[in-house]
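This report concerns only the one structure given below.
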Amino acid sequence: MHQVIQEDKQAFLFLNNLGSEPFDRFWTMVSGTWIWIPLYIIFLYLLYKNYKLRNLVFMLIFVAIGVTVSDQLAGIFKSGIGRLRPCHDPSLEHLMRSVQCGGRFGFYSSHASNTFFIATFMSMLLFRKYRFLPYILYFWAIVVSYSRIYLGVHFPLDILTGAGMGLLLGGFFSSLALKVIVKGNNT
């Protein structure tokens, strides 16, 4: 395990040090929540356009529950595992670019988990109608996830684990939503 952690730190340092000060503001924005509100409005519109209002309400409930589960699980892992964020790791202090720093622990990334959850959920619900959508959504999730490495708040394994959890939870909750919608349409 020690070897894996060392390789993770090396990968982090490589990716983190690709950054430069003129781009710091851009990546801080990408990592923010409010900048993506127009995208969420587009998601809402696409769901509304393709599903009945009653089904849209159920989908929004599943999204809210799924993002909450995704976020809370990440919090449980962060405090349970207790792996320091790169910006709090004394062994990396003079080797990395720290643009931002969050709480003390960072395994695993809730940003990665939440964005991959939304990408998976939306892809599963809309890919039949919009074949290109999953490509756009997963690109978005990757960019947001990379921003966390760029800013110095997550290691690559934090991101990969978060992405994996988001994929699993997004698949699970979208399957539940689709079952409720199909069952609701049959009654």
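The values are calculated or read from the model by the stated rules, or taken from the named source; none is laboratory data. Owing to the predicted nature of the structure, the values given are computational and were not obtained by experimental measurement. Heads up, the Cβs are rebuilt from the backbone with ideal geometry, glycines too, and the neighbour counts pull from every protein chain shown. The protein model used for the area step is the full one, side chains on, heavy atoms only, and it has no ligands, DNA or RNA in it. Shrake-Rupley method; radii C 1.70, N 1.55, O 1.52, S 1.80 Å.
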With charges set only on the Cβ (+1 for Lys and Arg, -1 for Asp and Glu), what does the dipole of the chain come to about its Cα centre, in debye to the nearest 20?
940 debye
Which Cα, out of 86, 40, 6, lies furthest along the positive dipole direction of segment 6-88 (beta carbon charges, K/R +1, D/E -1)?
40
Quickly rank 105-118, 65-78 as a protection proxy: mean count of other C-beta atoms within 10 Å, highest first.
105-118, 65-78
Non-local residues with an amide H under 5 Å from the amide H of residue 105, with H modelled 1.01 Å from N and Pro and chain starts lacking one, are 85
Give me the accessible area per residue for the chain, probe 1.4 Å, as a whole number in Å².
56 Å²
At q = 0.09, 0.11, 0.17, 0.19 Å⁻¹, base-10 log of I(q)/I(0) for segment 32-187 (Debye sum, equal scatterers on each alpha carbon):
-0.32, -0.46, -0.94, -1.11
